[in-house]
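Scroll down for the structure; my scribbles are underneath it.
The values are calculated or read from the model by the stated rules, or taken from the named source; none is laboratory data. These figures come from a predicted structure and were not determined experimentally. Cβ sites come from the backbone with ideal geometry, for glycine too, and all protein chains shown count toward neighbours.
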């Protein structure tokens, strides 16, 4: 394998990892603080993509559309918390899973009604459609670099928010001791709504960033949510640091596995056998990694503190 | 006399807080050894380490000379250790008799038996009824567990502990939440067990402890500050200062 | 007999009589609807064993159904197109044990990992393992990948000719009866008492001396294998199988059937399957957006109907 290809695939893995982190961080925040499993988190990713797509056509500019779409997805998250999620906090995880599964059906069908059954392509401004040379014959699409940049910026912003702001302090306190935060006289309900909205915005952002590459489509949230689950299981549910590291790990392993596993296999088996077995194994790779991590550390790599 | 249970220098911390601090204690054969201590002294943490739901950071637990410090809870039960719970810990979805019959079933080897309906196994049901009669619940055997009163739940806990016919019984506050009359009845029940089992009794009710115990240990901040007969403990100044004086 | 026992009997008698009656009076469609219903009911009944009685919220049971179906489809594929001689057959003597065996093995391997965890971890991990099988099948081009696989000839069985709709239905219905009887027997046995005890209070069960992990794992394997059998029937019914059968939405639907009908009741999952299929049929005949009212119904059921339909209609046990 040549280095150029390797670098490109590493960048692709990084991009996937960062998108996964944007989705997983909201999941893990909501679970860590609210003890709430939100299957419909993937729907917010999808809605972010659709809203951004519509706004791109309405406003004529992708970046502007993202800026407007972000608060909108946050608002949807906020409303979801107010109307559905709030009544489910006291219920067991089974009820939460079933109700949010119902919510997925509702969101998916709403998207179907509003945007139709076809996917919607999202056009980029000209300056984002080109490629950037990173030295030699290494050409990388500008937009992919933007995704990586935006993902890193969002991750950095989240770290800053959680570790250095008053809201972040409350979030961390709420994750470890809910009643205490309530006892301090802080409006815990408001905090919960904010966390939910924040998670929705992060997932929505991921959807907006991927839409120009894959189109906005119904059900796009349904496969990423499982991968995001794998990320937070490996990282340790409730841990943002764990989610970040696990997201990059999973993103890189998945991408590199799909790209290079057959080359790797052909080193010690016939190329025909490698061609047959490599796709199957690379499809299962991240789940096998998950099983391995769980076998060694059932609480994930960075288990949250005992509550 | 020989020691059934030996706890040697047990330590357990939770995020910098020492819940168990160099705890050493023995329970002799046939002895009823009571552990008292103020709230937050680490009594429940101690029990958890004895029955295996928590693993100590250091120290050893010996049962009849065998090191069981890191043994899984169900294996300790096989060796002959049983426990009751401070907060009633019954299987609420099942009937009163089902709860006790399950405890009896646990003694008969594995339960990978799929064919015969468990409720038709006569000896389990009969023995279960006997035990429930012994704790005064004869007329409640077929009730739903969830429908019983708190006092009745405490008696069920005892019947289940008895079902194990364990050599060592760890009783975690059997009087918790009982009224005066109920407490007296429970003391009478426990008196009937003395000598037949070795018992480690954790209890808040001082009258009960002083009426029942052969020896008493006082636990403060995870450490045993004194051990002795009821009379010795009553006269111990350190104990009075640390604990009894405040009551 | 209790009210619930009467209800159980009534549901089963109706399922035994009504669909064949429709078929014999020229309405083949309703028999085919009922066949799907009964097969999904078997899957729901087996899920109920671990979800209802064992408290294990598996969000991956569709994978077992799918694997069972592929255990019919793959041998049938090789029987027709050659290759992999050991597997190439339409005989039920190989296909059915293969469906049961492969799903039991998958349940054992994944259960070893899943059951080390609790609560929400368990839900997510079962989901993830199901997705793994989904992507595995997608990646194998020989078996159609994403596009699925047509089963050209159905399983050849002793006594039953599965090409005849009425006989296929009879087999499915009898299988449902056996599944119900099996789950009932297990639940009432000493094993079942331990399983239910471990759901109600695992810590107590351990302190009594039960290794709850081993009991849960056994139940998980039994449930997975039963679902695999249901999958083999489903493959024979649809004669077309695809990874879509294992999508986690299908797992969610199975869970919905169990909860809607009444978890930890004998007939609950069957009732749930009946309601699910009938509602899906009615709603989708009115609108292509039938999943919207369906989703709302799910939310409302979870929020307001505790104990499922069996609880509502049949009263407490």
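Brief remarks follow.
Conditions tested, residue by residue: (1) surrounded by fewer than 19 Cβ atoms within 10 Å (Cβ to Cβ); (2) in contact with a helix residue (DSSP H, G or I) (Cβ under 8 Å, 6 or more places away or on another chain).
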{"position": "C:224", "(1), (2)": "no, yes"}
{"position": "C:231", "(1), (2)": "no, yes"}
{"position": "C:234", "(1), (2)": "no, yes"}
{"position": "C:240", "(1), (2)": "yes, no"}
{"position": "C:259", "(1), (2)": "no, yes"}
{"position": "C:263", "(1), (2)": "no, yes"}
{"position": "C:268", "(1), (2)": "no, yes"}
{"position": "C:281", "(1), (2)": "yes, yes"}
{"position": "C:302", "(1), (2)": "no, yes"}
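- Inside the stretch B:2-29, residues that are at positive phi and touching a strand residue (DSSP E or B) at 6+ places or on another chain (Cβ under 6 Å) make up a count of 2.
- Residues of the stretch C:206-215 classified as more than 8 Å from chain B (Cβ to nearest Cβ) and either crowded, with 23+ Cβ neighbours inside 10 Å or closer than 12 Å to residue B:102 by Cβ (or both), total: 0
- Of everything listed in (1) in contact with a helix residue (DSSP H, G or I) (Cβ under 8 Å, 6 or more places away or on another chain); (2) more than 14 Å from every other protein chain (Cβ to nearest Cβ); (3) loosely packed, with under 15 Cβ neighbours inside 10 Å, the single unmet condition for residue A:67 is (1).
- Residues (without any contact (Cβ under 8 Å) to a residue 24 or more places away in the chain and more than 8 Å from every other protein chain (Cβ to nearest Cβ)) located in the stretch A:277-287: A:277, A:278
- Any hit, the stretch C:102-110, residues being facing another protein chain (nearest Cβ under 9 Å), over 18 Å from residue A:254 (Cβ atoms), buried (at least 20 other Cβ atoms within 10 Å of the Cβ) and at pLDDT below 90: no
- Any hit, the stretch B:28-38, residues being away from every other protein chain (no Cβ under 14 Å), free of Cβ contacts under 8 Å to residues at least 60 places away in the same chain and either under 17 Å from residue B:68 (Cα atoms) or surrounded by fewer than 24 Cβ atoms within 10 Å (Cβ to Cβ) (or both): no
- Residue A:105 being within 20 Å of the chain's Cα centre (by Cα) and either within 14 Å of another protein chain (Cβ to nearest Cβ) or at pLDDT 95 or above (or both): yes
- Per the listing C:74, C:96, the residue uniquely within 14 Å of chain A (Cβ to nearest Cβ), crowded, with 17+ Cβ neighbours inside 10 Å and farther than 22 Å from residue A:286 by Cβ is C:74.
- Of the residues making up the stretch B:54-85, those that are under 14 Å from the mean Cα position of the chain (by Cα) and assigned to a loop (DSSP other than H, G, I, E, B) number 2.
- Residue in the stretch C:296-305 that is within 12 Å of chain A (Cβ to nearest Cβ) and assigned to a loop (DSSP other than H, G, I, E, B) present: yes
- Being modelled with pLDDT of 95 or more and part of a helix (DSSP H, G or I) holds for only one residue in C:177, C:136, and it is C:177.
- The listed residues are A:97, A:132, A:66, and the only one of them that is at pLDDT 90 or above and within 30 Å of residue A:11 (Cβ to Cβ) turns out to be A:66.
- Identity of the residue in the stretch B:87-119, more than 9 Å from chain C (Cβ to nearest Cβ) and at pLDDT 90 or above, that ends up surrounded by the fewest Cβ atoms within 10 Å (Cβ to Cβ): B:95
Residue-wise test of (1) on the phi > 0 side of the Ramachandran plot; (2) crowded, with 22+ Cβ neighbours inside 10 Å.
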position: A:224; (1), (2): no, yes
position: A:227; (1), (2): no, yes
position: A:230; (1), (2): no, yes
position: A:235; (1), (2): no, yes
position: A:238; (1), (2): yes, yes
position: A:245; (1), (2): no, no
position: A:248; (1), (2): no, no
position: A:252; (1), (2): no, no
position: A:255; (1), (2): no, no
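- For residue C:169, the stated conditions hold: it is away from chain B (no Cβ under 12 Å), in a helix (DSSP H, G or I) and either touching a residue at least 60 places away in the same chain (Cβ under 8 Å) or farther than 26 Å from residue C:135 by Cα (or both).
- Residue match in the stretch A:129-148 (condition: more than 27 Å from residue C:255 (Cβ to Cβ) and within 14 Å of another protein chain (Cβ to nearest Cβ)): no
- Residues of the stretch C:181-204 that are assigned to a helix (DSSP H, G or I), facing another protein chain (nearest Cβ under 8 Å) and closer than 22 Å to residue B:171 by Cα: C:197, C:200, C:203, C:204.
- Count - residues of the stretch B:102-127 that are more than 23 Å from the chain's Cα centre (by Cα) and assigned to a loop (DSSP other than H, G, I, E, B): 8
- Filtered residues of the stretch C:250-293 (kept if at the interface with chain A (Cβ under 10 Å from one of its Cβ atoms), over 23 Å from residue C:63 (Cα atoms) and part of a helix (DSSP H, G or I)): C:292, C:293
- Yes/no for residue C:134 being surrounded by 18 or more Cβ atoms within 10 Å (Cβ to Cβ), closer than 18 Å to residue C:71 by Cα, touching a residue at least 60 places away in the same chain (Cβ under 8 Å) and touching a strand residue (DSSP E or B) at 6+ places or on another chain (Cβ under 8 Å): no
- Any hit, the stretch B:138-147, residues being modelled with pLDDT of 90 or more, part of a helix (DSSP H, G or I) and within 11 Å of another protein chain (Cβ to nearest Cβ): yes
- Verdict on residue C:113 being over 18 Å from residue A:296 (Cα atoms), in contact (Cβ under 8 Å) with a residue 12 or more places away in the chain and surrounded by fewer than 24 Cβ atoms within 10 Å (Cβ to Cβ): no
- Yes/no for residue B:151 being at positive phi, surrounded by fewer than 21 Cβ atoms within 10 Å (Cβ to Cβ), touching a helix residue (DSSP H, G or I) at 6+ places or on another chain (Cβ under 7 Å) and outside any strand (DSSP E or B): no
- Any hit, the stretch C:146-157, residues being closer than 27 Å to residue C:50 by Cβ, within 14 Å of chain B (Cβ to nearest Cβ) and either surrounded by fewer than 16 Cβ atoms within 10 Å (Cβ to Cβ) or under 21 Å from the mean Cα position of the chain (by Cα) (or both): no
- Here residue B:99 clears all of (1) assigned by TED's automatic domain parsing to the domain that holds residue B:217; (2) under 18 Å from the mean Cα position of the chain (by Cα); (3) in contact (Cβ under 8 Å) with a residue 24 or more places away in the chain; (4) not in a loop (DSSP other than H, G, I, E, B) except the condition numbered (1).
- Among residues of the stretch B:54-86, those that are touching a residue at least 40 places away in the same chain (Cβ under 8 Å) and within 13 Å of another protein chain (Cβ to nearest Cβ), counted: 9
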